[in-house]
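Only one structure is covered here, and it is reproduced in the block below.
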Amino acid sequence: MKTYPHRHLPGVATPEAVDEAFAAVEATFNAIWLNQPGARSRLQRVWGREDHLANLELYTLGQGILSLRAHSHDDWLKKTAQTIRKSPQSHGLITEIITHATLRLGDQPFAPAPQKQPGYDFSLTSSGGDEYLVSIKNHDVTDDAKAFSRQASQLRKAWRSRLTHAKRSLGLTVAAEEPMTEADFEQVRQHIRGPNAFCQEKTMVSRHVRVRTAPLPYASGELAHHPVSDLVLVLAPASTKEQTRFAANLRSAAQRFKNVPRHPQQWRIVHMRVHAMADIAYLEQLANALLQEPDAGIDAIHIHQPTYARDAEGRSLIHHAFKVAATPHFAIGRVNPLPLTMALPVGSVGVEPTRLVLTQDGEQLGNVPPNNYVFQRGDIYRSFRIEEGASFTLGSPAAGVREHLSGLDVILSPKGPPESDDLLLV
């Protein structure tokens, strides 16, 4: 079997398990397609990276593929992989592959539904005759969230240009009390082009947007004069459309079952994967409210929120938060009420989501509330000299922040980490 030594995950899985998972991904999706130049799909982009986050995501996907193979679902897997290759935006199918490796009734795995089955994605019939139908729903980031990231990236480009012209290295924080519009971002850009751009006092640039510059928090040691170093953090409440879309997606998933014939021992479950900034406590409330409706048509809702997190020691892992809502009948009406479980290939599991903590000068300022957009990117260039016995460690001191070395007209950068800690597959 082919080995992938650059993909190994010490402390997470054995080298043999990692090699098997990566070989499964490569065999399923085709090495030529995975390494295609100008990759458009998320899977191709993640495959092209070799950082810890990419390896965790690909290992998780590989375990899903191995699970499907182990239970003789090769035909479904082959057709699903073909669809993913032809449709770069078909992320929901990646979610289905990964879910197969995790969702269990007791120790029994679910089986994929027949191709073009419009009502559900997985099914299982227990020894007691209970039939379980599961609809997999992937609630990804919205166009509004993508527009926020795009505007924030443009803002950072303007900030780096201003710093380069002034030959300074500073951080910029932008905080809004309401969702930010294009006009708000333009006002911030006008501010950083102006004479007070480097003022380290909080400045209101509009009715609800304030900015502040500050020394870089991860700049221990001497910073290089060129290139300049920067860190841009933008915080703003999410668009009000986000909450409306969550409710609509839950209702849409329930409606998928409408044309599926029902019998008394059939149980219908919606399994929804949501993005990192979703408010899953609010989603749990929505789920319980929907299940109380007389014509809900479903019996349980699982909410799954995976996030890439760092613990207090700076170690990185994928954390899986779950919320479960169910009708009383689901709890007491089943003939053989085995528990529905999630056996994750890698990472931590809990009922509480990860916390996004704001810090300043080493002090914690508080948590970022859920349902907020967050953009953080930075590049720290440290000055270095080549001396006998010298060694350097480069990494990512915080999400979206990368370290580099600059000296003697040479810039050294790590092969990873990724530009952000966003999960693209899991």
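Descriptive notes on the structure:
- Every listed requirement among (1) among the hydroxyl-bearing types (Ser, Thr, Tyr); (2) open to solvent by less than 50 Å² (accessible area, probe 1.4 Å); (3) under 23 Å from residue 420 (Cα atoms) is met by residue 327 save one, (3).
- Single residue of the range 85-103 satisfying the filter (more than 12 Å from residue 61 (Cβ to Cβ) and either at pLDDT 90 or above or outside any loop (DSSP other than H, G, I, E, B) (or both)) that is least open to solvent (accessible area, probe 1.4 Å): 103
- The residue list 300, 281, 276, 253 contains one member that is touching a residue at least 60 places away in the same chain (Cβ under 8 Å) and open to solvent by less than 30 Å² (accessible area, probe 1.4 Å), which is 253.
- Screening the range 11-52 for residues that are among the small types (Gly, Ala, Ser) and under 23 Å from the mean Cα position of the chain (by Cα) and picking the one that is farthest from residue 75 (Cα to Cα) gives 11.
- Going through (1) more than 24 Å from the chain's Cα centre (by Cα); (2) assigned to a helix (DSSP H, G or I) one by one, residue 1 falls short only on (2).
- In the range 50-79, the residues that are assigned to a loop (DSSP other than H, G, I, E, B) and open to solvent by less than 50 Å² (accessible area, probe 1.4 Å): 51, 73
- Residue that is modelled with the highest pLDDT, among those in the range 303-318 that are open to solvent by 50 Å² or more (accessible area, probe 1.4 Å) and hydrophobic (A, V, I, L, M, F, W, C): 317
- So residue 424, is it assigned to a loop (DSSP other than H, G, I, E, B) and at pLDDT below 80: no
- Some residue of the range 108-125 being part of a helix (DSSP H, G or I) and open to solvent by less than 30 Å² (accessible area, probe 1.4 Å): no
- Residues that are touching a Leu at 6+ places or on another chain (Cβ under 8 Å) and surrounded by 17 or more Cβ atoms within 10 Å (Cβ to Cβ), drawn from the range 176-202: 176, 185, 188, 189, 192
The values are calculated or read from the model by the stated rules, or taken from the named source; none is laboratory data. What you are looking at is a predicted structure, and each value in this text was computed from that prediction instead of being measured. Cβ atoms come from the backbone with ideal geometry, glycine included; neighbour counts cover every protein chain shown. Surface accessibility is based on the protein's heavy atoms, side chains included, excluding ligands, DNA and RNA. Shrake-Rupley method; radii C 1.70, N 1.55, O 1.52, S 1.80 Å.
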